[in-house]
Structures are given as C-alpha cells and as structure tokens.
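A short write-up of the structure that comes next.
The values are calculated or read from the model by the stated rules, or taken from the named source; none is laboratory data. Keep in mind that this is a model prediction, so the values were computed, not measured. Positions of Cβ are backbone-derived with ideal geometry, glycine not excepted, and every protein chain shown enters the neighbour counts. Please note that ligands, DNA and RNA were not included when accessible areas were found on the heavy atoms of the full protein model with its side chains. Shrake-Rupley method; radii C 1.70, N 1.55, O 1.52, S 1.80 Å.
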Amino acid sequence: MLTNAVVISIIVLLILSLLRINVVIALIISALTAGLTGGLGLSKTIETFTGGLGGGAEVAMNYAILGAFAIAISKSGITDLLAFKAIKRLGKTPTGKSVTGFKYFILTVLLAFSISSQNLLPVHIAFIPIVVPPLLSIFNRLKIDRRAVACVLTFGLTATYMYLPVGFGKIFIESILVKNINEAGASLGLQTNVGEVSMAMTIPVIGMFLGLLTAVFITYRKPREYQVHIEEPTTAEIERHIAGIKPIHVWVSLLAIIVTFGLQLFTSSTIIGGLAGLIIFGVFGVFRLKESNDIFQQGLRLMAMIGFVMIAASGFANVINATGDVTELVNGFSQGLGPENKGIAAFLMLLVGLLITMGIGSSFSTVPIITSIYVPLCLAVGFSPLATVSIVGVAAALGDAGSPASDSTLGPTSGLNIDGKHDHIWDSVVPTFIHYNIPLMVFGWIAAMTL
C-alpha cells in the first residue's frame with residue numbers, strides 16, 4: 001500500500017498543503033509524483049496531466065457564470081440589506097444570553113444560506129464571498145470562532161447534495177451516482193434509483209449533522225478574538241446605505257433567483273440558469289447591459305482561484321487514473337475478503353474513497369473512478385443493493401469536506417479570509433476533516449452493515 005502511486009501522491013499533497021504551499025502548486029507536484037511513481041515517466045505524466053485539464057473546464061465555466069450571478073445579486077443590494085440589518089440589530093442587543101442567542105441565530109442563517117445555495121438559490125459557493133465579508137465585523141464583536149463558521153458552511157455545501165436530489169444534489173445523485181451504479185450493476189442485476197440513494201445516505205448524513213453540532217456547541221464554542229484593524233460602519237452610515245437600496249432591485253433579485261432555480265431544474269444546467277438570471281438583472285436595470293463585461297470580469301475574479309484549483313484537480317485525477325493504481329489499491333485491500341469479512345471490506349472501501357477524494361477534491365469526480373470496481377466487489381462480498389449504494393455514495397463523499405482542493409473548503413476560506421485572519425488549511429480543512437470525515441467513516445460503516 002505504501003508503494004502505491006495514489007497513496008504516495010496524496011500523502012505528498014497533504015504534506016505540502018499542511019506546509020501552506022499553494023493548493024494548485026501542491027496538486028501539480030502531487031500529479032508529477034503519482035505519474036513518476038506509477039511508471040508513466042515524466043513526458044507521459046505531463047501529457048496526461050494537461051490532457052485532463054479540460055475535464056475541469058465545464059466546472060470552471062459554471063463558477064464563472066455563478067460568480068457573475070453572485071456579483072449581480074450583490075449589486076441589487078439584497079445581501080447588504082441583510083448584513084446591515086443584522087449589524088443594526090446587534091447594536092441594540094444587550095450582553096449575556098441575548099448575545100449568545102444572536103450568535104446562534106447568525107450561524108443558523110448562514111446554514112440556511114449554505115443549504116439553499118445547492119438548490120433554492122443555485123449559486124453554490126459563489127454566495128460566500130458576497131455574504132460573509134460584510135458579516136465579519138459581527139463575528140468579531142460576538143467573538144465567534146470562524147472555524148465554527150467554516151464547519152457550518154461546509155455542512156450545508158456537502159450534506160445537501162448527498163441527501164437532497166434537487167439542484168446540485170440532482171446532478172450528484174441522479175446524473176452521476178445512480179447513472180454510474182446502474183451502468184456498473186447492469187450485468188450483475190443491480191439497479192437503483194434516486195429514492196434509494198437518499199434512503200441509503202440518511203445514516204451518513206445524520207453522522208455529519210452530529211459533527212456539525214459538535215463543532216458549533218463543543219469544539220469551537222468558546223469565544224475567539226481576532227486582531228483586526230477595520231473600522232466598523234456607524235449607525236448613520238448603515239442607515240444611508242440601506243436608504244440607497246432600491247426596493248425594485250430587491251424584488252428583481254427574488255425574481256432572478258426563482259427563474260434561475262426553475263431553469264436549473266428544467267435544463268439540469270447551472271450555466272443556462274445563471275445566464276437567465278443575469279439577463280433579468282440587466283433588463284430590469286440592476287446593472288446596465290453595457291456593464292455586463294465588467295460584471296462577468298468581477299465574477300471571474302471572485303471565483304478564479306477556485307476554478308483553477310478545480311482544473312488542476314481534474315488533471316491530477318487523470319494522472320492517478322492513468323497509473324492504474326486505483327484498481328491495484330482496491331484489489332490489494334480486497335484480497336481474501338469474503339462475506340465473513342464484510343466489516344473489514346466496508347471500512348477499507350470507505351478508506352480508499354477518502355484517499356481518492358482527498359486528493360482530487362471532488363466527490364462528483366470520484367464516483368466514476370470507484371463505481372466500476374466497488375459495485376461488483378460489494379456484491380461479491382455479500383452486501384445488499386442498498387448497502388452497496390451507501391458504500392459507493394459515502395466513499396465518494398468522504399474527503400470532500402476536509403480536502404485542500406475541495407470547493408467545500410475553498411469556498412468558506414474565500415469569505416472568511418478577506419482580512420487575512422483565517423488560514424485555509426488549519427482553519428477550514430483540518431476542522432472540517434475532523435468533524436465530517438470521521439463521522440462519515442463511522443456512520444457510513446454502520447449504514448453498510450445495517451442496510
């Protein structure tokens with residue numbers, strides 16, 4: 001196992017990330033490591049890596065459109081209105097239990113935003129750099145540990161698509177998970193559907209929810225002070241800003257959100273939905289049509305780093321696929337396993353999924369890599385169809401929260417580190433790894449053994 005190219009490259013990636021090396025650089029070095037240790041040679045590794053970059057192009061385009069859509073929403077003033085209303089309320093809030101209640105109210109609102117960003121407001125992580133920075137002054141005054149905020153945001157981003165077949169969840173569950181499982185199981189008599197996937201993921205998602213409660217109410221409950229030198233807006237400035245927001249623009253935002261949501265469901269395309277939303281903003285004057293180029297450029301800047309990470313992760317995934325060591329890793333783990341070793345088999349398959357997803361940062365990309373191997377292996381060991389679905393789904397989702405290259409951790413960092421006080425690895429990646437990957441391993445194993 002320790003000589004396997006996949007394991008070696010992911011260890012390299014994690015070490016570089018913990019040393020605070022840029023994630024894109026770490027992914028490139030890790031891809032070279034995978035190729036060289038996997039016997040591809042330097043030129044073939046480079047060719048395979050660059051050949052896989054195109055696999056992240058669609059994701060990058062999605063982020064560009066969603067970034068522009070988020071910028072347009074911010075221009076309408078609706079997010080500022082929410083943020084400044086919260087600031088005003090905090091100014092009138094006394095100390096003691098009321099402050100504690102307001103703290104948890106803010107975290108609940110952010111959780112609702114995060115969950116709805118996967119379906120009702122389909123902008124994925126693009127809302128975070130828009131909504132979170134105006135709230136940082138509130139976090140500081142309430143002494144909220146931003147690691148708790150990162151855990152709240154990541155839960156909404158990951159648990160939602162794992163469980164709810166709407167929006168991004170529709171893409172993950174229906175278009176990726178069900179499709180790949182049915183293709184791999186066609187010759188083995190295994191077929192599944194969206195309802196069974198949601199049922200199979202119920203126990204693992206409960207584990208994640210317990211991890212969320214642990215992070216918010218135990219691990220990061222204590223006050224944490226951040227030394228910042230940013231002047232907070234005065235009450236008069238808040239009043240002037242709110243007065244300058246046009247009510248019609250707020251209503252246009254709601255219309256654009258509804259249309260974008262509806263089109264995404266109808267076309268299964270976030271690009272088409274986001275484009276329609278942008279057109280509505282332009283037609284109703286939230287921004288002038290001749291400013292569309294500036295809106296798109298601002299959206300690109302907003303999401304550029306995350307888009308580049310996704311593209312590099314796609315190249316990395318192509319390299320580890322080309323080495324053939326994923327199959328070797330699974331086969332090495334599964335040798336000698338039979339129905340009497342179901343518990344060991346479930347644990348090892350989940351562990352391999354964790355390693356793969358931690359490296360490429362995308363559960364969406366992990367499913368095609370593992371499904372063709374896992375489905376026949378699960379059935380051979382004696383797992384039920386529902387348990388097989390649970391193992392494949394959890395093995396793919398494991399590592400999404402807690403991966404340095406995952407948009408589920410990059411997104412929270414993009415909003416919480418505006419003032420340079422929130423480290424991506426130690427304040428986003430490590431906390432979410434501890435509170436979500438460990439429960440997913442435990443509850444995923446329980447689901448595999450009981451379903």
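Per-residue SASA remark: Met199, around 110 Å² accessible (1.4 Å probe; ligands, DNA and RNA not included).
Set the Förster distance to 45 Å, then compute FRET efficiency between Asn22 and Met449 from the Cβ-Cβ distance, nearest 0.05. For Asn22 and Met449, the calculated efficiency is 0.65. Once you sort the root eigenvalues of the Cα gyration tensor of the stretch 174-224 as a ≥ b ≥ c, which label holds: rounded (a/c under 1.5), prolate (a/b larger than b/c) or oblate (the other case)? Since a/c reaches 1.5 and a/b is larger than b/c, the shape of the stretch 174-224 is classed as prolate. For the pair Phe266 and Ser372, the difference between a 0.36 nm per residue extended length and the Cα-Cα distance amounts to 35.2 nm. Principal semi-axes of the equivalent ellipsoid, √(5λ) from the alpha carbon gyration tensor of the stretch 342-392, are 19, 11, 8 Å from largest down. Cross-linked pairs Lys103/Lys421; Lys179/Lys342; Lys222/Lys421; Lys170/Lys246; Lys75/Lys421: Cα-Cα separations exceed 29 Å for Lys170/Lys246.
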